[in-house]
Amino acid sequence: MYEQEIEAAKKHFEEILREQIERAKRIREEGDWIDYSKLKPIIIGVAGGDGIGPYITEQAQRVLEYLLRDEIQEGKVEFRKIEGLTIKNRVKHMQAVPDDVLEEIKKCHVLLKGPTTTPKKGDPWPNIESANVALRRALDLFANVRPVKVPELGIDWVFFRENTEGAYMLGSRGVMIDDELAIDFRVITAPGAERIIRAAFEYAKKNNRRKVTVVTKANVIKKSDGLFLDMAEKVAKDYPEIEWDDWFIDIMTAKLIDPSRRSQFDVIVLPNLYGDILTDEAAQIQGGVGTAGSANIGKRYAMFEAIHGTALRMVKEGRAKYANPMSMIKAGAMMLEHLGFKDKAKRLDMAIDICNNFERKIVVTGRPDGATGEEMANYVIETLKDPKLEEKWKKYTGQKP
Ligand code: IPM
Ligand code: MG
């Protein structure tokens, strides 16, 4: 019984094994980080995506173009529109990211990306793979960096979610045996785990962070999570000045809402799916997934995005222009920081803080009773123009920038 299916599955598994062995080897041999200071121009691709994506991305681009106006003028920075990263075009080609679109993206150095539709079974679209997942894999964006900050609760977390392995890497390549049995594959490689854990420790070191927390379920998922944890132990030895501990994902989700514990977390590193889930919880504590930005970083490419979806309903109900662009603007701030425009990134972060949390001269509600995304972006730009921005921020927060 099932002999044929089993043979086919074995072949499929063999293919996966060979491919992953190759991939692990490639990671071991990969070069050093790209140096943006040596590029002229730095090319920033902009892909609006689906639903509210194009609306909020356009506003984020306006803010960035304001901040980078001198660099653009001097030919140091160039914005480039990427067409075709839409569900319609993706379905037309039946590809998560159509080849010609990927080619255009690869001509850029970094990508600012709006949310894209991720179909699931039963949707009106064919069940093609997520564009996010495909881009993270195609551009080898292995570090998904998601900061979450709530000063009044003592929360200042930076998540390093592994972005190219775990349950995601082969999430579209599981095996069904005769509609009765479903098996998915989960991959952790030693070099893949090592580079994300090292990135977390490096970040901690450079930013004077105290502690790195490693999250797995290594007591149950013994092989892959076991390897992740082993790599943490190994990497941690290179950073004796940084404290580290390890938690299991279940209790970690509880501890993020435990007021007596949560402020002790600092930098957090974890495999892909755990990171997906935990960062949504963390973003909710900060005020919702719409308030969080996300950086997908690799050694050659990087992509910056909001962590929320396309909010298609808003478009259908004619409310797209009322969508809040702050998540994309925040992603833009992360992009500036990554590209080495540290002062501009800091100013933009302060402006976001002032507009979102303190001054709140206008508020976006997602409906006509609130401001439009364009008005919100204008408000951010006006705030950036204020020469007293930093003093203002210090006054509000009582902190040093
Ligand atoms: C995220 C999103 C994506 C993911 C989806 C859209 C595929 O939830 O960036 O966290 O699961 O990674
Ligand atoms: Mg998610």
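Can you flag which of Lys107/Lys394; Lys10/Lys106; Lys205/Lys255; Lys107/Lys217 are past 30 Å Cα-Cα?
Cα-Cα > 30 Å for Lys107/Lys394; Lys10/Lys106; Lys107/Lys217; rest within.
Test of understanding: what is the full-extension gain from Gln73 to Leu170, defined as 0.36 nm times their sequence separation minus their Cα-Cα distance?
30.6 nm
What is the calculated FRET efficiency for Phe13 to Arg313, with r their C-beta to C-beta distance and R₀ = 25 Å, to the nearest 0.05?
According to the calculation, E is roughly 0.05.
Kindly identify region 37-169 as rounded, prolate or oblate by the Cα gyration tensor criterion: order the square roots of the eigenvalues as a ≥ b ≥ c, call it rounded if a/c is under 1.5, otherwise compare a/b with b/c, prolate if a/b is larger, else oblate.
Judged from the Cα gyration tensor, region 37-169 comes out oblate (a/c at least 1.5, b/c at or above a/b).
Compute the normalised compactness of the chain: alpha-carbon radius of gyration over 2.2 N^0.38 Å, N being the residue count.
The chain yields a ratio of 1.00.
Quick check: pseudo-label points 7 Å beyond the Cα along Cα→Cβ at Glu233 and Lys342, how many nm apart are they?
In this crude label model, Glu233 to Lys342 measures out at 3.6 nm.
Past 24 Å, Cα to Cα: identify those pairs from Lys113/Lys299; Lys113/Lys211; Lys76/Lys299, in the order given.
Lys113/Lys211, as the Cα separations exceed 24 Å there.
Report the residues of region 301-319 in range of a label on Glu202: point 7 Å along Cα→C-beta, backbone N strictly under 20 Å from it.
301-305
Using Cβ contacts closer than 10 Å as the measure, can you line up His12, His308, His109 from fewest to most?
Fewest-to-most ranking of His12, His308, His109: His12, His109, His308.
With 10 angstrom as the radius, rank Leu278, Leu17, Leu170 by how many other C-beta atoms surround their C-beta, starting from the fewest.
Leu17, Leu170, Leu278
Please report the equivalent ellipsoid semi-axes of region 59-107, computed as sqrt(5 x eigenvalue) of the Cα gyration tensor, largest first, in whole Å.
With the √(5λ) rule applied to region 59-107, the semi-axes are 29, 12, 5 Å.
Is region 253-401 best put as rounded, prolate or oblate by its Cα gyration tensor, with a ≥ b ≥ c the root eigenvalues, rounded for a/c under 1.5, and otherwise prolate when a/b is larger than b/c, oblate when not?
It is rounded, given that a/c, with a ≥ b ≥ c, falls under 1.5.
For Glu281 paired with Thr397, estimate the spin-label separation in nm (one decimal), with each label point 7 Å from Cα along the Cα-to-Cβ line.
2.6 nm
Report, in deg cm²/dmol and to the nearest 500, the calculated mean residue ellipticity at 222 nm for the chain, where each DSSP H run with n ≥ 4 adds -39500 (n - 2.57) and the sum is divided by the residue count.
-13500 deg cm²/dmol
Please give, to one decimal in nm, the separation of the simple spin-label points placed at Lys92 and Met1, each 7 Å out from Cα toward the Cβ.
4.8 nm
Can you sort Trp247, Trp157 by how many other beta carbons sit within 10 Å, fewest first?
Trp247, Trp157
No value in this document is a laboratory result; all are computed from the given coordinates. All values reported here derive from a predicted model rather than from experimental measurement. Counting neighbours? That spans all protein chains shown, and the Cβs are built from the backbone with ideal geometry, glycine included.
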